[in-house]
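Single-structure report; data block below.
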């Protein structure tokens with residue numbers, strides 16, 4: 001046994017349960033506060049610093065899902081059905097997504113499952129028999145689609161997924177690519193300097209980077225590549241939980257508004 005293998009004690013379902021638990025906690029805190037300030041791009045900074053930090057724990061989840069899309073491409077039996085399943089659940093999730101985000105972002109924004117879908121298409125394109133320039137062009141179109149529909153993690157989400165796949169057997173390059181995208185994604189927040197409290201902004205950026213790197217560390221160090229004990233149940237539970245957690249948070253908001 002490789003010395004590093006002794007740390008690989010978390011299976012796929014355990015990792016996903018951890019990720020969605022942190023997502024649910026973070027999203028609940030963030031959305032219940034953000035909806036108090038619709039159409040305010042800096043609404044998050046109205047929260048106390050400790051709540052901002054806790055809400056950012058939700059950022060552990062997307063990188064884990066990006067890893068699993070790249071992982072799923074390798075292990076799934078039917079990649080076309082996998083892509084179709086992602087697209088169908090992205091469409092199912094969208095009405096629930098609007099329940100929360102329509103007051104904040106209008107009707108334009110779409111949920112992260114569309115980004116996962118286009119990320120998978122990007123991998124399928126990269127592994128296709130098209131010429132290199134054709135593959136690059138199609139991948140750019142996949143990335144551009146996330147911008148057009150304004151999906152979560154637009155632009156960088158597709159690149160995260162693609163690079164995790166391309167460099168899966170090259171840990172150093174994978175880490176460099178991943179870290180570069182994390183920094184690109186979050187350091188852009190520095191453009192908000194002077195518009196929000198500086199200490200909250202800097203703390204927020206640091207926490208976002210640390211949480212994203214923690215997700216990478218967990219997936220590369222502790223994930224053992226094995227399924228859980230109930231893989232079929234877990235698969236459908238994870239698909240259903242994402243739209244369901246939007247609805248749960250919305251219902252919590254309604255109950256709070258009535259008090």
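Derivation of every value follows stated rules applied to the coordinates shown; laboratory data play no part. Predicted model, so just to flag it, every value in this text is computed and none were measured. As a convention, Cβ positions derive from the backbone with ideal geometry for all residues, glycine included, and neighbour counts pool all protein chains shown.
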Checklist outcome for this item: If each part is reduced to its alpha-carbon centroid, region 16-49 and region 203-259 end up apart, in Å, by 13
Checklist entry - Nearest 10 degrees, 0 to 90: what angle lies between the long axis of helix 231-258 and the longest principal axis of the chain (Cα atoms)? => result 10
Checklist entry - So between residue 78 and residue 252, what do we pick up on full extension, going 0.36 nm a residue minus the alpha carbon distance? => result 58.8 nm
Checklist outcome for this item: Rounded to the nearest 500, the 222 nm mean residue ellipticity computed for the chain from DSSP H runs (n ≥ 4, each -39500 (n - 2.57)) alone is -24000 deg cm²/dmol
Checklist entry - Between the helical axis of 112-126 and the dominant principal axis of the chain, each derived from Cα atoms, what acute angle in degrees is found, rounded to the nearest 10? => result 20
Next on the checklist: Taking the 0 to 90 degree range and rounding to the nearest ten, how far is the long axis of helix 171-187 tilted relative to the main principal axis of the chain, both from C-alpha atoms?
Outcome noted: 20
Checklist entry - For the residues 229, 16, 74, what sequence is obtained by ranking on other C-beta atoms within 10 Å, fewest first? => result 229, 74, 16
Next on the checklist: How much length would be gained if the chain were fully extended between residue 6 and residue 235, taking 0.36 nm per residue of separation minus their Cα-Cα distance, in nm to one decimal?
Outcome noted: 79.8 nm
Checklist outcome for this item: The percentage of Cα-Cα pairs in region 3-258 separated by more than 32 Å is 21
